[in-house]
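Have a look at the structure below before the remarks.
The values are calculated or read from the model by the stated rules, or taken from the named source; none is laboratory data. Given the structure is predicted, the values throughout are model-derived calculations rather than measurements. Here Cβ is always computed from backbone atoms with ideal geometry, including for glycine, and neighbour counts include all displayed protein chains.
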């Protein structure tokens, strides 16, 4: 078996519970907008917001502006609309400042991997500053090599294109079997690195799809980072 030299990670729903955190932040935003004068039931506003996000993607910068326009409320002045939108944006970012955190078992394992001499990196899909900000706010930046953080927007290659993973291997001077990749999406995080010979690990605890839905088989499946620790220690002889 080829010795493992590096472990690379997805960010969203792998290092922290992105989907649950976003749901909580959006609920707080909607409640703040209602408090600011958006006179509609919370359930209706949340449902409309979910449609906006589905149509414009989570990376769009004006969800709440679009939301208010789509609700077509009569009698709202431009000034009042701006205050309602601002209330939503502020509440969302307040939640981000106050509540964003990694899964509890992530920092201890990353620290032990560093102590064991394993190189750590990130391969993530999204906008450069947005994804980098997540790492900063999560307090995980010190664990990763600065030149081993690969963001699709910055590289110019999107998941699930295997070329994104090829760039990481090339820049880190790694052969495929020397690197493990851990992620939650079978299509984006398992099949592409696996096609390059990387060790693929499906992190299932926050995954939005099951393996059965995709027909994709990872090399390993872990429920959490304690299970990942056991895998690394027992199967790959990493001293963690």
Original post:
Of the numbered conditions (1) surrounded by fewer than 18 Cβ atoms within 10 Å (Cβ to Cβ); (2) at pLDDT 90 or above; (3) out of contact with any strand residue (DSSP E or B) (no Cβ under 7 Å at 6 or more places or on another chain); (4) closer than 30 Å to residue 178 by Cα, residue 106 satisfies every one except a single condition; which is it?
Top reply: (1)
Original post:
Only one of 83, 49 is part of a helix (DSSP H, G or I), surrounded by fewer than 17 Cβ atoms within 10 Å (Cβ to Cβ) and either modelled with pLDDT under 95 or not assigned by TED's automatic domain parsing to the domain that holds residue 183 (or both); which?
Top reply: 83
**OP:** Can you run down the residue pairs with Cβ atoms below 7 Å, 6 or more apart or on separate chains, where the first is in the range 60-86 and free of Cβ contacts under 8 Å to residues at least 24 places away in the same chain and the partner is in a loop (DSSP other than H, G, I, E, B) and surrounded by 13 or more Cβ atoms within 10 Å (Cβ to Cβ)?
**Re:** none
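Does the range 163-202 hold any residues that are in a strand (DSSP E or B) and touching a residue at least 24 places away in the same chain (Cβ under 8 Å), and which are they?
179, 180, 181, 182, 183, 199, 201
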